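Novice: Submitted below is the structure of interest, expressed as structure tokens.
The values are calculated or read from the model by the stated rules, or taken from the named source; none is laboratory data. The model shown is predicted, which means the values in this text are computed figures rather than measured ones.
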Amino acid sequence: MKVRKNLEGLFIVAAVVTTFASYATAAIATQRATAPIKVEAVQLADDNVAVVEVKGKRLTAAEKAALK
């Protein structure tokens, strides 16, 4: 019971702190970047990617029961 009360109190304190923090940071003006950001495409060194396929049959109910 004490743990539940402590967690409830912790949640309320966190909610109050974040509410005041959001009001405090709302007055700060945002800054824009002066130059646009350039994004370059990155090419992998090796274009051959290994692909692994796993094939197998599904077990029947009798086979599953035998494994247990």
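Yes/no per residue for (1) of a type in the set (Lys, Arg); (2) over 29 Å from the mean Cα position of the chain (by Cα); (3) at pLDDT 80 or above:
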position: Leu7; (1), (2), (3): no, no, yes
position: Thr30; (1), (2), (3): no, no, no
position: Glu40; (1), (2), (3): no, no, no
position: Leu44; (1), (2), (3): no, no, no
position: Ala50; (1), (2), (3): no, no, no
position: Glu53; (1), (2), (3): no, no, yes
position: Thr60; (1), (2), (3): no, yes, yes
position: Glu63; (1), (2), (3): no, yes, yes
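Novice: Another question, if that's okay. Here are the criteria: (1) modelled with pLDDT of 90 or more; (2) part of a loop (DSSP other than H, G, I, E, B). Tell me which single one Thr18 does not satisfy.
Specialist: Only one criterion in (1) modelled with pLDDT of 90 or more; (2) part of a loop (DSSP other than H, G, I, E, B) is unmet by Thr18, namely (2).
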